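Chemist: Could you have a look at this structure, given as structure tokens, before my questions?
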Amino acid sequence: MLNKMKKETEKSTQKQTLKYEFIDKALFFPEKGIVAMGDLHIGYDFMIRQSGVLIPERQVKDIISDLKKIFNEIKKKGCSIKKIVFLGDIKHAFYYEAEEKYEFLEVMKFLKQEIDEKNIIFIRGNHDTIDFSYGKMKNYYIHEGIAFIHGHQVFSEVFDKAVDCIVSGHLHPSVVLAEKPGIKKESYKCFLEGKYRGKTFIVVPSFVDFYEGTPVNEYADEYIESFFIIPKKEILKFRVHVIGKDKVYDFGKIEDL
């Protein structure tokens with residue numbers, strides 16, 4: 001009898017454990033079929049060219065290439081994609097830019113070959129002053145205990161007791177690693193994973209390839225307090241998952257780096 005009760009308790013606990021995987025720059029919930037990605041910043045390369053810096057026109061090609069890589073990896077695992085969630089800052093400029101709209105439609109054309117448009121969710125970021133999705137953008141999205149937000153604003157709904165996990169972007173986390181002090185430094189995109197207000201909280205890296213992001217081991221107090229919804233003292237307790245060439249590596253807590 002006791003053994004039977006123990007097994008039933010173990011099964012119940014297993015059901016309550018939310019499974020997720022870090023796949024390149026995306027967060028994947030295999031049992032839900034949800035892929036979450038942050039901060040596309042479509043038009044970032046166009047803005048650089050407008051400033052007079054000659055760089056190749058490749059951002060959209062890179063985005064689509066990276067999406068293909070992620071989708072193929074999920075399919076190799078025998079999993080299906082039911083929903084795709086973009087965590088805000090879909091575009092870069094704070095004003096209307098025709099080039100950005102054109103590039104957004106190019107990305108959408110590819111996505112609609114993979115999944116029904118109604119299952120593509122767009123969260124509103126601080127850069128999304130223009131809604132290229134024609135009114136479909138949401139301030140947040142909650143699905144089966146998982147809340148998706150951008151990260152620059154607090155919404156009480158995402159901290160509801162029915163929510164177990166919160167996923168955000170906005171912070172563009174990266175980490176600077178050095179072989180030896182003063183010798184060689186390299187920057188890598190990373191995920192942040194921790195607990196905040198009783199919820200599992202995951203921050204995904206930006207999708208922009210032109211720069212790695214803001215180093216988590218160099219965060220200034222004023223940067224966090226004015227920019228993100230989680231205080232620095234709480235962020236420092238989060239674990240860092242660094243994106244390598246072929247896998248994601250657990251580097252421990254930020255405060256220990």
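Chemist: Restricting to the range 55-65, what's the tally of residues that are buried (at least 17 other Cβ atoms within 10 Å of the Cβ) and touching a residue at least 60 places away in the same chain (Cβ under 8 Å)?
Modeler: 2
Chemist: With the requirement that a residue be among the charged types (D, E, K, R), surrounded by fewer than 19 Cβ atoms within 10 Å (Cβ to Cβ) and outside any loop (DSSP other than H, G, I, E, B), what does the range 71-92 give you?
Modeler: E73, K75, K76
Chemist: If you don't mind, there's one more thing I want to ask. Return a yes/no flag: does the range 12-23 have any residue that is loosely packed, with under 10 Cβ neighbours inside 10 Å, over 24 Å from V203 (Cα atoms), at pLDDT 90 or above and not hydrophobic (A, V, I, L, M, F, W, C).
Modeler: No: zero hits.
Chemist: Looking at E100, E157, E114 in this structure, which one is touching a residue at least 12 places away in the same chain (Cβ under 8 Å) and in contact with a Lys or Arg (Cβ under 8 Å, 6 or more places away or on another chain)?
Modeler: Matching residue, one of E100, E157, E114: E100.
Chemist: Related question: Which residue, of I74, I120, is at pLDDT 90 or above and touching a helix residue (DSSP H, G or I) at 6+ places or on another chain (Cβ under 9 Å)?
Modeler: Exactly one residue qualifies, and that residue is I120.
Chemist: Within the range 229-257, how many residues are in contact with a strand residue (DSSP E or B) (Cβ under 8 Å, 6 or more places away or on another chain) and either closer than 20 Å to H150 by Cβ or touching a residue at least 12 places away in the same chain (Cβ under 8 Å) (or both)?
Modeler: 19
Chemist: Same structure again: Can you say whether S65 is of a type in the set (S, T, Y) and either part of a helix (DSSP H, G or I) or modelled with pLDDT of 95 or more (or both), as far as the supplied structure shows?
Modeler: For S65, the condition - of a type in the set (S, T, Y) and either part of a helix (DSSP H, G or I) or modelled with pLDDT of 95 or more (or both) - is met.
Chemist: Counting only residues that are of a type outside the set (D, E) and either under 20 Å from P30 (Cβ atoms) or in contact (Cβ under 8 Å) with a residue 60 or more places away in the chain (or both), how many does the range 174-194 have?
Modeler: Qualifying residue count, the range 174-194: 6.
Chemist: Let me ask something additional. If F46 satisfies all but one of (1) among the aromatic types (F, W, Y); (2) within 22 Å of V208 (Cβ to Cβ); (3) modelled with pLDDT of 95 or more, what's the number of the condition it fails?
Modeler: Tallying (1) among the aromatic types (F, W, Y); (2) within 22 Å of V208 (Cβ to Cβ); (3) modelled with pLDDT of 95 or more, F46 fails exactly one: (3).
The values are calculated or read from the model by the stated rules, or taken from the named source; none is laboratory data. Keep in mind that what you see is a predicted model, and the values were worked out from it rather than measured. Heads up, the Cβs are rebuilt from the backbone with ideal geometry, glycines too, and the neighbour counts pull from every protein chain shown.
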